[in-house]
Amino acid sequence: MRHRICRVISFDHMGAYTLRVRFDDGTSQVIDFSSVLEGEVYGALRDPALFQQVKLDPEVHTLVWPNGADFDPATLHDWPEHVHAFQNMARQWAKTT
């Protein structure tokens, strides 16, 4: 079984917590992160000023924020398949913070 390697090559801000993320295979995803910004790491990204500081990490080819938050590039690539699981986790994280 081979694990597909996905790389983020660029992104654009589309809204308060929404990014268009482009991948090295020519695809892109428009991702609204607002429903998963909970918990110790991701919850800090609710601060619009911090969310806007997203960068592309040139070594691991994914989105990163100054507070250490990041997402696996394969998860971003296949966001529609993962968003519900992330939302469920975010609800749990919200209960513990």
> When both residues are 6+ apart or on different chains and their Cβ atoms are under 8 Å apart, which pairs have a first residue that lies in the range 66-92 and is surrounded by 12 or more Cβ atoms within 10 Å (Cβ to Cβ), and a second that is assigned to a strand (DSSP E or B) and of a type in the set (Ser, Thr, Tyr)?
Replying inline: ASP70/THR62; PHE71/THR62; ASP72/THR62; PRO73/THR62; LEU76/THR62
> Mind checking which residues of the range 4-41 are in contact with a helix residue (DSSP H, G or I) (Cβ under 8 Å, 6 or more places away or on another chain) and either part of a strand (DSSP E or B) or touching a residue at least 60 places away in the same chain (Cβ under 8 Å) (or both)?
Replying inline: ARG4, ILE5, CYS6, ARG7, VAL8, THR18, LEU19, VAL21, PHE23, GLN29, ILE31
> In the range 42-82, how many residues are assigned to a helix (DSSP H, G or I), in contact with a strand residue (DSSP E or B) (Cβ under 7 Å, 6 or more places away or on another chain) and hydrophobic (A, V, I, L, M, F, W, C)?
Replying inline: 2
> What is the one condition in (1) surrounded by fewer than 16 Cβ atoms within 10 Å (Cβ to Cβ); (2) over 24 Å from LYS95 (Cβ atoms); (3) modelled with pLDDT under 95 that CYS6 does not satisfy?
Replying inline: (1)
> Any idea which of LEU50, LEU63, LEU45, LEU19 is of a type in the set (A, V, I, L, M, F, W, C), modelled with pLDDT of 95 or more and either touching a Lys or Arg at 6+ places or on another chain (Cβ under 7 Å) or surrounded by fewer than 16 Cβ atoms within 10 Å (Cβ to Cβ) (or both)?
Replying inline: LEU50
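The values are calculated or read from the model by the stated rules, or taken from the named source; none is laboratory data. None of these values were measured; they are calculated from a predicted model. A quick note on method: Cβ atoms are made from the backbone with ideal geometry, for glycine too, and the neighbour counts reach across all protein chains shown.
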